[in-house]
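Scroll down for the structure; my scribbles are underneath it.
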Amino acid sequence: MTGKLEELNWAPGAAKDPLSILKRVYGYPAFRWSQAEVVSTVFSGRDAVVLFPTGAGKSLCYQIPAICREGVGIVISPLIALMRDQVEALKQLGVPAAALNSSLSGDEYAAVRRALSKGELDLLYVTPERAATPGFAEMMRGVKIALFAIDEAHCVSQWGHDFRPEYRDLGKLAELYPGVP
């Protein structure tokens, strides 16, 4: 996959520190709010729970560490439209990203799986329903995972209007992938 990272002379082994990615890929001179603290926490391999207001840059807090860390960042997102928007924005920045969801054709699905198995993706977006399946665990066998990001985590609450029972099953990810933030 080619894109802006190659245009920026990104060579294997080149520095991929979070501030460099923020500046060179996203075009921002500095982190806002508590983004630097969150990015540093996740980049170093520790878990984080992040609660920011809408528009405060939560996505950067998992996208940047996923780009910097070895492997693919798995983003669990409840809405196909949200996935589509995120993936398209990342691709426009030259970041190798994809989504696996029910809107893909068979050929598109196969292409994403091939890119994943070849280590060509920095970010992969999936629904909580897909992430909770044995088939997902099988697909991820042998794939280096940089991190898991559970987006829209308010869906975890059984008392919320957006409750998705599969979010409860995501706790299994910590057991299946120990050491992955």
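The values are calculated or read from the model by the stated rules, or taken from the named source; none is laboratory data. Note that the coordinates shown come from a computational prediction; the quantities given were computed from them, not determined experimentally. Methodologically, a virtual Cβ is constructed for each residue, glycine included, from the backbone with ideal geometry; neighbour enumeration extends over all protein chains shown. Calculation scope for accessible area: heavy atoms of the full protein, side chains included, ligands and nucleic acids excluded. Shrake-Rupley method; radii C 1.70, N 1.55, O 1.52, S 1.80 Å.
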- How much accessible surface does Asp107 have with a 1.4 Å probe, in Å² rounded to 10? 130
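Set the bar at 25 Å for Cα to Cα. Now go through Lys144/Lys172; Lys23/Lys118; Lys16/Lys144; Lys16/Lys172; Lys16/Lys91 and name every pair that lies beyond it.
On the way: Lys144/Lys172 17 Å; Lys23/Lys118 27 Å; Lys16/Lys144 17 Å; Lys16/Lys172 30 Å; Lys16/Lys91 18 Å.
Violating the 25 Å limit, Cα to Cα: Lys23/Lys118; Lys16/Lys172.
Calculate, for the chain, the solvent-accessible area per residue in square angstrom, rolling a 1.4 angstrom probe over the heavy atoms of the protein chains. Can you show the working numbers first?
On the way: 9890 Å² over 181 residues.
Per residue, the chain has 55 Å² of solvent-accessible surface.
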- What residues qualify as long-range amide H neighbours of Ala146, i.e. H under 5 Å apart, gap of 5 or more or another chain, H built at 1.01 Å from N? Val72, Gly73, Ile74
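Only four residue types carry charge here, +1 at the Cβ of Lys and Arg and -1 at the Cβ of Asp and Glu. Report the dipole size of segment 98-147 about the Cα centre in Debye, rounded to the nearest 20. Working shown, then result.
Details: 6 positive and 6 negative charges, 39 e Å.
Taking the Cα centre of segment 98-147 as origin, the dipole is about 180 debye.
Just to confirm a number: summing +1 for Lys and Arg and -1 for Asp and Glu over residues other than Arg32 whose beta-carbon lies under 14 angstrom from that of Arg32, what do you get?
Cβ neighbours under 14 Å give a net charge of +1.
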- Largest first and rounded to whole Å, the semi-axes √(5λ) derived from the alpha carbon gyration tensor of segment 34-129 read 23, 15, 11
- Query: Which whole-Hz couplings ³J(HN,Hα) result when phi for each residue of segment 107-121 is put into the Karplus expression 6.51 cos²θ - 1.76 cosθ + 1.60, θ = phi - 60°, listed in order with x for Gly and Pro?
  - Reply: 5, 5, 4, 5, 5, 5, 4, 5, 4, 5, 5, 8, x, 8, 10
- Taking the Cα centre of the chain as origin, work out the dipole magnitude from +1 charges on Lys and Arg Cβ and -1 charges on Asp and Glu Cβ, in debye rounded to 20. 300
- Message: As a test question: what accessible area, to the nearest 10 Å², does Lys172 have when a 1.4 Å probe is rolled over all protein chains in place?
- Response: 110
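Highest mean first, what order results for 28-37, 128-137 on Cβ atoms within 10 Å?
Numbers: 28-37: 13.6, 128-137: 16.2.
So the peptides 28-37, 128-137, ranked by packing, come out 128-137, 28-37.
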- Work through the residues other than Gly71 whose Cβ is under 13 Å from its Cβ and net out their charges, Lys, Arg +1 and Asp, Glu -1. +1
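Can you give the calculated 222 nm mean residue ellipticity of the chain, where each DSSP H run of n ≥ 4 adds -39,500 (n - 2.57) and the sum is split over every residue, rounded to the nearest 500 deg cm²/dmol?
Working: 10 runs with 73 residues, N = 181.
My calculation for the chain gives -10500 deg cm²/dmol from helical runs alone.
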